[in-house]
Each structure stands twice: as structure tokens, then as C-alpha cells.
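To start, the structure under review is shown below, and the notes come after it.
All of the numbers you see were taken from the coordinates with simple rules; none came from a lab. Just so we're clear, the structure is a prediction, and the values are computed from it rather than from any experiment. Positions of Cβ are backbone-derived with ideal geometry, glycine not excepted, and every protein chain shown enters the neighbour counts.
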Amino acid sequence: MPLFPYHTYLTVLVPAIITFAVTFYATKFIIDYFYGAGVIDEDHNKAKVIKLPSSGGVAVAFGIILGALAYTFGGSFLFNPLVNVSELLAASLSIILITFVGFIDDINVGTKRVVGTDLKRLKVGLKQWQKPLLTVVGAIPLMAINAGVSTISIPLLGIVDFGLIYPILILPIAVIFVSNAFNLLGGFDGLQSGMATITALGLLLYSTFFGTYIAALLSAVLFAALLAFWPFNKYMAKIIPGDSFTYCVGGAFVAIMALGNAEAFGFIIFIPWLVEFFLHLRGRFHVSDLGIRQKDGTFRSKYGKKIYSLTHVAMNIKPMKEYEVSNWLMGIEAMFVVLAFLLQFAGLL
């Protein structure tokens, strides 16, 4: 895969800049709007419980879509597009649909009477069986256009052609698994957005040097959106990402891997979430990533030496403050991105 001609980088850079600006201002807007609208959640990691606006993924998805549409507009009036526009629009629709499912989960809040007329807000959310059933809608646009290539390079096995199994079975399973597994690892300021930003950067570099132009474009706008959102979600967060964020980013990851023929590379960088899935499975998904806050601001695991999440691994290494847990896991993800590139350069992917 040769590097793209220099002038084509402008057609990636401009949509990315637009995405960054839109996401930044959209996040500032929904912080106030969602708080007033009651789309809020509680942060239990501080000395006192703090109520914060939730569903920050709406701003991220909005930025990504406008960035993709900016490229589509430019390809219609200013330059000859290097991507299949139907693929780009299908990826955009996939991101919109799966973000909407996450947003439904975020706003599913019930109330119950506590004392007199006092009402306590309760986050209900979608049922466990509803989440995979609804997130599959995010795969439908990609399935409809037969996105990606059915041949996948599998480490130790080589090139395998899955034929029609790829769009009909593998794509929807990937969307369901990646979006829901990405949703499992969180609970600390900057954790989900930070790890996602590192992953998006890895996909951008891979797509630029080894992948396809459309994957580079989607990776660029995703990275730009996450870079704009992260300052609002880092330690002492002003907004909670919510399921709309995790589903949006998970769906975008699958679209990039499928359209960029980056399934093997994507598998390696997604290993932390794969591990998280099996750790949660060990606890039958009735476990929490959160810890018990100590007086000095550090956290210890609720389950002692039993490990049901990668956050528990961090808290068992040494007492860590909230931002240290997030930074430790961001470092782990960065290591897997480096590992994926080493395997790529070694010809093992």
C-alpha cells in the first residue's frame, strides 16, 4: 500500500479539522443542554457524588458525520473523490444508527417515589438481551453494500476467503461484539475516551501506510472527534461518554477495519477489550469496573484479589487514583497498538 499523493492529504485533513471543531462546540453545547434536559448520570468516584450530563457520544457522532459529509460535498463540487461515496455514506449511516441505540439506553431513566413527593432518578437502561439485538442494526448498512473484502489475513493460518459469510454473518457479529465489549471497560474519567483516542490514532497510521483511503478518511475524522471530546472527559470530567459514545466508537472501529481490510490489525489492538469481555463473563456480567474510594483518593477493588476487570488489575498493582487507573490502561492500549505494528512489519499480519 503506497502512501497517498500529497494533495489527497488535504481531502483528509480538512474534514478532520471540521470534525474537530464541530465535536468541540457540540460537546460544549450538550453539556448544558443535556444537564437541563435531565440526561444525566452520577459520578461515584469523587469524595461526593457528582451529577454530570451523559451521552457525550452524540457530539462525537455528530462531528464524525459532518466531517464525512464535508468530504462528500467536496467530492461533488471541488475534487474527484477517491472513495466510493456509497461506502462512506453507508459507514456514516451505520454510525448514526448504532449511536441512536446507545442514546436510547442513556435516556432510559425511571423514577420511584422515595419520601413524600421526592422522586429518585434511577438509570434503567436496556436489558442485557436487548443490547446485542439492537446494536445489530448498525451492521445493516455495511451488510447492504457488501462492505469490505471477504478475504482476511489470519495469523498462523494465512489468507482465508469467507465469501458470503463475511457480510452476512461476520460483519454483524463484529458490530455486536465490538460495540458491546467496548462498553464494558469504563467507569473512570478519561478511560474510555483516552483508550479510544489511542486506538483511533493506531488505525489512522495503519490505514495511511497499509490500508485504504476510505479507512484513512474515517480514521482521521474519528481521531479528530475523539481528540476534541477527550478534554471534556478527562479527570474531573464535565461530561460522561455514555453508551452512545461506546456504541458510536465501536461501530466506527468495525467500519474502519472492514473498509480498510484491517481485521487482523484491529484484532490485536482490540485485545484489551477482548480480555475485559472474558473477565466480565467470569463474573457472569454482574460485576463492576469501579473500586472503593479511600480517604487519600486512591481506589481498591471491590472484590479483593479476584479479578473481574482490567481496572481491578490496576488497583491490585498498587493503590491508584482515578486518573492513574485511566492512564495505566491507556498505556496498556498503546502497548498493543505498538505490538500490532511490530507484527505488521514482521509480516505476521
Neighbour-count ranking [beta-carbon atoms within 10 angstrom, fewest first] of Lys131, Lys306, Lys295 = Lys295, Lys306, Lys131
ask   = What is the helix-to-structure angle for 85-106, meaning the angle in degrees between its Cα long axis and the longest Cα principal axis of the chain, kept from 0 to 90 and rounded to the nearest 10?
value = 10 degrees
key: Amide H contacts of Asn108 (H built 1.01 Å from N, under 5 Å, at least 5 apart or other chain)   = Gly125
query = For the range 10-21, what does the Karplus curve 6.51 cos²θ - 1.76 cosθ + 1.60, with θ = phi - 60°, yield as ³J(HN,Hα) per residue in whole Hz, taken in order and with x for Gly and Pro?
reply = 5, 6, 9, 5, 5, x, 5, 5, 4, 4, 4, 5
note = Over the chain, the sum of -39500 (n - 2.57) across DSSP H runs of at least four, divided by residue number and rounded to 500 deg cm²/dmol, gives at 222 nm -19000 deg cm²/dmol
key: Amide H contacts of Ile40 (H built 1.01 Å from N, under 5 Å, at least 5 apart or other chain)   = Ser54
message = How large is the Rg to Rh ratio of the chain when both quantities use alpha carbon positions and Rh follows Kirkwood?
response = 0.97
note = From the cross-link list Lys127/Lys234; Lys234/Lys306; Lys127/Lys238; Lys131/Lys302; Lys46/Lys238; Lys46/Lys306, the entries with a Cα-Cα span beyond 20 Å are Lys127/Lys234; Lys234/Lys306; Lys127/Lys238; Lys131/Lys302; Lys46/Lys306
note = The helix 171-182 Cα axis meets the longest alpha-carbon principal axis of the chain at an angle in degrees, between 0 and 90 and rounded to 10, of 40 degrees
message = Angle check, please: helix 213-233 long axis (alpha carbons) against the longest principal axis of the chain (alpha carbons), in degrees 0 to 90, nearest 10.
response = 20 degrees
remark   = Note on the chain: contact order normalised by length, alpha-carbon pairs under 8 Å, 6 or more apart, percent, works out to 22 percent
key: Derived scalar couplings ³J(HN,Hα) [the range 26-35; Karplus, 6.51 cos²θ - 1.76 cosθ + 1.60; whole Hz; x for Gly, Pro]   = 5, 5, 4, 5, 6, 4, 6, 5, 5, 5
